[in-house]
Amino acid sequence: MSEKIYKVIKKFSDKFSKFKNAEEKSRNETMPQNKKIQRLITENEERFVHNIIATYKLYKSPFNVLGKNSSRAVEIDRDQQNLVKIYELYKQIFFVSKEKSDEDTFVVNIDFQTPLATKYNYTEGFQFIYLYAWLIYEKNMNDFVPYFEKNEHNFFKLKFMPLDEYEFNIQEKQILEVIKREFYS
């Protein structure tokens, strides 16, 4: 009887050791895979940060990066001046409206037509956040957030919202954090 018990225990022990060895082998095989995935994630993050830095340099100093005769630098500079002009105009309207309005008479909606609203790279191409970052960090104009809204005719209008009411998406937050850390800390 004790021999039978011994055989059963030995059989169980053998199966268990095979199972245990297989589990360790499996764990060892997944470790390099996890390291590979982690390396890819790290490389993607580094590339993302590098692209943000390179792109923002264009908006921070377009003529220094692209050259004095660059048409792209002239275009960025013009876009920056348009944004400053429209920001200042909105801010004036906002404060006059606040001062002059009463319960019955007030401004309901302020939309702006601007060449910025016709540029795909700003309206849908994720470049407007760099122009906005330039506005807040270089011009210290950060009471309102400019953003584009599509109207019923599929045209974009530039609108503004107080900073404390605007919800940045995750990508915008990441871009602004990287710009602040890399250029203004």
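Below is a table of values for the structure above.
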read-out: Subset of the stretch 161-174 [surrounded by 13 or more Cβ atoms within 10 Å (Cβ to Cβ) and closer than 19 Å to Y120 by Cα]; value: E172
read-out: Every pair of residues 6+ apart whose Cβ atoms lie under 8 Å, when the first sits in the stretch 74-101 and is in contact (Cβ under 8 Å) with a residue 12 or more places away in the chain while the second is open to solvent by 80 Å² or more (accessible area, probe 1.4 Å) and of a type in the set (V, I, T); value: none
read-out: Filtered residue count, the stretch 52-94, keeping only those that are within 24 Å of the chain's Cα centre (by Cα) and either open to solvent by less than 80 Å² (accessible area, probe 1.4 Å) or aromatic (F, W, Y) (or both); value: 24
read-out: Hey, K157 in contact (Cβ under 8 Å) with a residue 24 or more places away in the chain, open to solvent by 30 Å² or more (accessible area, probe 1.4 Å), outside any helix (DSSP H, G or I) and not aromatic (F, W, Y) or not; value: yes
read-out: Residue satisfying all of: in the stretch 98-123; of a type in the set (S, T, N, Q) and open to solvent by 90 Å² or more (accessible area, probe 1.4 Å); modelled with the highest pLDDT among these; value: T118
read-out: Selection count, the stretch 63-85, where residues are under 16 Å from Y132 (Cβ atoms) and of a type in the set (V, I, T); value: 2
read-out: Answer residue from the stretch 143-154, given it is more than 17 Å from the chain's Cα centre (by Cα) and under 21 Å from F95 (Cα atoms) and is surrounded by the most Cβ atoms within 10 Å (Cβ to Cβ) among those; value: F144
read-out: Single match in R39, R27 (criterion: out of contact with any Pro (no Cβ under 8 Å at 6 or more places or on another chain), under 26 Å from I175 (Cβ atoms), in a helix (DSSP H, G or I) and modelled with pLDDT under 95); value: R39
read-out: Yes/no for S71 being farther than 29 Å from I170 by Cβ, among the hydroxyl-bearing types (S, T, Y) and at pLDDT 95 or above; value: yes
read-out: Qualifying residue in the stretch 124-142 (condition: in contact (Cβ under 8 Å) with a residue 40 or more places away in the chain, open to solvent by less than 70 Å² (accessible area, probe 1.4 Å) and more than 21 Å from P62 (Cα to Cα)); value: no
read-out: Looking only at the stretch 95-123, and only at residues there that are assigned to a helix (DSSP H, G or I) and over 27 Å from the mean Cα position of the chain (by Cα), the one that is farthest from P62 (Cα to Cα); value: K100
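The values are calculated or read from the model by the stated rules, or taken from the named source; none is laboratory data. Just so we're clear, the structure is a prediction, and the values are computed from it rather than from any experiment. Cβ atoms come from the backbone with ideal geometry, glycine included; neighbour counts cover every protein chain shown. The area values use the complete protein model at the heavy-atom level, side chains included, leaving out ligands, DNA and RNA. Shrake-Rupley method; radii C 1.70, N 1.55, O 1.52, S 1.80 Å.
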